[in-house]
Amino acid sequence: MKAVNKNFHTPVLVEEVIRFLNVQDNKKYIDATLGGGGHSFEILRRGGSILGIDVDEEALDFVREKLKTQSSNLKTEGQLRVVKGNFKDVKAIAKENGFENVDGILFDLGVSSHQLDTPRRGFSFGKNGPLDMRMDKNLSVTAKDLVNALRKGELYELFSKLGQEYRARVISESIISARRLEKIETTGQLAEIVKRSLKGITKTHPATRVFQALRIAVNDELNNLREALSSSIGLLGNKGRLVVITFHSLEDGIVKQNFKEFEEKGSGTIIIKKPVEPTPEEVRSNIRSRSAKLRAFEKLM
C-alpha cells in the first residue's frame, strides 16, 4: 500500500453535520463521500454505524489505516464498513452492504486536501504535476485529454458552463494557440497559459474556474450528483436525514432544486431554508472551508 498523507483532509462543518444528521447511538448512516473519514469518525464516536463510500483508493487506504489506530478510542468498534465506489451508485452499494432504510446520508462534495496537495493527482494550479484530475484512477479520460482534444467552441462551452468563467472565449483561444506549439501536459503549463491570457488583478487565481470546469467534466460530477440524490431519498427511513455540503453554485443549485422537488412530492421537508455556512473562526482555521454550504432534508413516510 502506498503511504498517504497523515493530514489527508480537514473536514468542514463537522458539528453542523452531526446536528443536522441527528446522529444517535445504534443508528445507521452512509457517508457517500468518505474522503479522509473526518465526518465518519465523529459519527462513530457517537455510536453510529457507517457505510463509507469513495472512488479514491488513496482515501480508502487512509481511512482503513486510521481505523486500525483509533478503533480503541471509539464508542463502538467495527462499525465502519469501507467500500470503493462512485456515489452515483449509492443505492446498489447500500443494498449490497445491508444499509437500506438508514437514518442519515451525507455528501461532502469538496476535493480533499490530499488531492489538492498531491502534485501527481493534477488537481491544483498551485502544484505542478500531470494534468490529470481523475478522482477514480480507472477513468479513461483525463484533463489533459480534454485540453488537447476539444475544439475552441467546446472549450468555451466547458469553461463558461461548468466553470462559470465569463472570460472563457479568450482563455479558449489562448489554449488553442498554445497547444499548436506544444502539447499541454501539466497543471503548471495550463495555469500559466490562462494567467497570460488575462489582464488585471483578481481575488482568486485566474485559473480557478478553468480547473473547476475540467475537474467537473472529467469526473462527470454534476450528473453523478443528480443520480445520487435521486437514489438517496429511497434509502432513508422515516425521519432519516439527507445532508449535503457543496462548494460552488452549480452543485448548490442542483441540491436546492432536488430538495424542493422532494418536498413538493410529499417525500419530506427541507429542514433549513437557507444553507448553513462555516463560521468566521472555521474559515480562519481552514481557508478551504470558505465556500462550503450545507443543506439538509428530512424524509417523512
Worksheet item: Is it the case that some residue within segment 23-30 is under 26 Å from L139 (Cα atoms), at pLDDT 95 or above, surrounded by 19 or more Cβ atoms within 10 Å (Cβ to Cβ) and touching a Ser or Thr at 6+ places or on another chain (Cβ under 9 Å)?
Response: yes
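Matching residues to (1) free of Cβ contacts under 8 Å to residues at least 12 places away in the same chain; (2) part of a loop (DSSP other than H, G, I, E, B); (3) not assigned by TED's automatic domain parsing to the domain that holds F247:
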| residue | (1), (2), (3) |
| --- | --- |
| G47 | no, yes, no |
| G52 | no, no, no |
| G126 | no, yes, yes |
| D132 | no, yes, yes |
Worksheet item: So which residues in segment 243-277 are more than 16 Å from S231 (Cβ to Cβ) and aliphatic (A, V, I, L, M), if there are any at all?
Response: I245, L250, I270, I271, I272, V276
Worksheet, complete the sentence: Of those in segment 185-235 that are in contact with a Ser or Thr (Cβ under 9 Å, 6 or more places away or on another chain), under 16 Å from D132 (Cα atoms) and among the β-branched types (V, I, T), the residue modelled with the lowest pLDDT is T208
Item to complete: Would you mind finding the one in I30, I93 that is closer than 25 Å to N238 by Cα, in contact (Cβ under 8 Å) with a residue 40 or more places away in the chain and in a helix (DSSP H, G or I)?
Response: I93
Item to complete: Looking only at segment 5-12, decide whether some residue is modelled with pLDDT of 90 or more, touching a strand residue (DSSP E or B) at 6+ places or on another chain (Cβ under 9 Å) and surrounded by 15 or more Cβ atoms within 10 Å (Cβ to Cβ).
Response: yes
Worksheet entry | Odd one out for V255 among (1) touching a Gly at 6+ places or on another chain (Cβ under 6 Å); (2) in the same structural domain as S291 (by TED's automatic domain parsing) | (1)
Discussion item. Out of the helices (runs of 4 or more DSSP H) lying entirely within segment 208-301, which hold 3 or more residues that are in contact with a Lys or Arg (Cβ under 9 Å, 6 or more places away or on another chain)?
Written reply: 208-219, 221-232, 249-264
Worksheet item: So, of the residues in segment 248-269 that are free of Cβ contacts under 8 Å to residues at least 12 places away in the same chain and of a type in the set (K, R), which turns out to be nearest to R209 (Cα to Cα)?
Response: K260
Worksheet item: Is it fair to say L250 is hydrophobic (A, V, I, L, M, F, W, C), in contact with a Phe, Trp or Tyr (Cβ under 8 Å, 6 or more places away or on another chain) and farther than 22 Å from N101 by Cβ?
Response: no
Fill in: Breaking point among (1) under 19 Å from T246 (Cα atoms); (2) modelled with pLDDT under 95; (3) in a loop (DSSP other than H, G, I, E, B), for H114
(3)
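The values are calculated or read from the model by the stated rules, or taken from the named source; none is laboratory data. Quick caveat, the model's predicted, so the values are computed rather than measured. When we count neighbours, we look across all protein chains shown, and the Cβ atoms used for this are built from the backbone with ideal geometry, even at glycine.
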